[in-house]
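Before any comments, here is the structure.
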């Protein structure tokens, strides 16, 4: 049996999040474009993701897969297109083929959220050590947000960017045990971003994890 852990449609991909999706560390497939519609799915066992890809691309061959990732426990797929209807039909084919409903996914849970004001020089430096761009500057504020399942960091980042486009998306970690979002900028913008993430995650329906 295939366990649908995340079924996540994302409307209107934003510039910074799109750039993140297209970075070599994440996307090994087709790059997304700003304004695209996306569907991100996580299943267990991990190799079941290949059946998900097959169902989607045979139903809608014009879709582009951006991420296909098989980790130890879970398989992850990201699909995108300019036409929302293509994404929706592919999603319907996936659900029908696996005998699942979108509401079968796990509901997101926030593990931690905080805004750290006026980050110290040394703090900024150590945060940036693993960054190649999108760095936090000393004196800026930092939003950190952690949730499970990890893939919900994707929609959290994209929705936050819609309401606070002037923030810097420093990092997104959306595959693994938990998802993490790092954003920097003015405290007022980060408060707006955090409120949007809170609202977004609260509105996603799903089952509780065991």
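Can you find, within the range 161-174, the residue that is farthest from the chain's Cα centre (by Cα) among those that are part of a helix (DSSP H, G or I) and touching a residue at least 40 places away in the same chain (Cβ under 8 Å)?
Our first condition is that a residue be part of a helix (DSSP H, G or I); within the range 161-174, this holds for 161-163.
If we keep only those that are touching a residue at least 40 places away in the same chain (Cβ under 8 Å) as well, we get 161-162.
Numbers: 161: 12, 162: 14 Å.
Step by step, filter the range 161-174, then rank; the result is 162.
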message = If residue 188 meets every condition in (1) buried (at least 18 other Cβ atoms within 10 Å of the Cβ); (2) not in a loop (DSSP other than H, G, I, E, B) apart from one, which number is that one?
response = (1)
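Looking only at the range 124-160, which residues are part of a helix (DSSP H, G or I), touching a helix residue (DSSP H, G or I) at 6+ places or on another chain (Cβ under 8 Å) and without any contact (Cβ under 8 Å) to a residue 60 or more places away in the chain? Working first, answer last.
Residues of the range 124-160 that are part of a helix (DSSP H, G or I), as a first pass: 124-128, 152-160.
After this cut, where a residue has to be touching a helix residue (DSSP H, G or I) at 6+ places or on another chain (Cβ under 8 Å) as well, the list is 152, 154-160.
Scanning the range 124-160 gives 156, 159, 160.
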key: Index of the failed condition, residue 153 passing every other in (1) exposed (fewer than 15 other Cβ atoms within 10 Å of the Cβ); (2) in contact with a strand residue (DSSP E or B) (Cβ under 8 Å, 6 or more places away or on another chain); (3) not assigned by TED's automatic domain parsing to the domain that holds residue 18   = (1)
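On the basis of being at pLDDT 95 or above, on the phi < 0 side of the Ramachandran plot and either in the same structural domain as residue 44 (by TED's automatic domain parsing) or in contact with a helix residue (DSSP H, G or I) (Cβ under 6 Å, 6 or more places away or on another chain) (or both), does residue 121 make the cut?
Numbers: at pLDDT 95 or above: yes; on the phi < 0 side of the Ramachandran plot: yes; either in the same structural domain as residue 44 (by TED's automatic domain parsing) or in contact with a helix residue (DSSP H, G or I) (Cβ under 6 Å, 6 or more places away or on another chain) (or both): no.
Judged against the criteria, residue 121 is not a match.
The values are calculated or read from the model by the stated rules, or taken from the named source; none is laboratory data. Everything numeric in this text was worked out from a predicted model, so none of it was measured. Note: ideal-geometry Cβ built from the backbone for every residue, glycine included; neighbour counts use all protein chains shown.
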